[in-house]
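Below is one structure, written out as structure tokens, with a few remarks after it.
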Amino acid sequence: MNERWVCKRCFSSNEGTVGACARCGLTRGAESSAEDQQSWAAQAGVGAPAAPQPAWRGLLRYWWIPALAIFLAVGYFTTARRGDDGSLSTAGTVSVDDLQVGDCFNSGDETEISSVDGRPCADPHQYEVFAIDRYEADSFPTDAQMEQVFYSVCDAPFASYVGVSYAESELWASMITPSEETWGSGDREFICYLHEEDESDITGSMRGSNR
């Protein structure tokens, strides 16, 4: 998985390995006031962000995975089962293609992954799917464009699912994306999932949690 962070001043997406924003120079983790954002935007000759987020509780981090699917960590070979309501009732392998909103899961650190370790949300788990949608564009989004994809596909559904906006939430959100190869064959599906900042276990669904 590729870790990225979003500057609190100019909202540029940066590589996880850099300590300061490549666009405006703000140190990673430093706070930025609304006035600071407006001042920088005026100096740079650009407008304020379309969806300003004045009170971040944590750094926005976006993971996008250049693959259609997720590989399980070694050892997960059984298939998960769903109950009558469609939710996962037993732990086991779930193909990324079969993930549904409300599914909880764990995954390994592989860059290209095709399946996850699905878990009933009542069991400890790392991630929870809160939205699945298509994003149409003429070409595969660049790293810089992935931020806009996130806001287009995941931002509003996060508030509807969790009960608070992403800007106000203490949870983080990330995406599973098509690869450039699958994009070329028509794949446009983006899977939005939430997690704790440190990726520690969550017990219970975060649907309606207001966290």
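Where a number appears in this text, it was derived from the coordinates with a stated rule and is not lab data. Just so you know, these numbers come straight off a predicted model, no measurement behind them.
Side notes on the structure shown:
- Karplus (6.51, -1.76, 1.60) ³J(HN,Hα), θ = phi - 60°, over the stretch 87-92, in Hz, Gly and Pro reported as x: 7, 5, 9, 9, 6, x
- Contour excess over end-to-end distance, with Cα ends at Tyr151 and Asp123 and 0.36 nm allotted per residue: 7.1 nm
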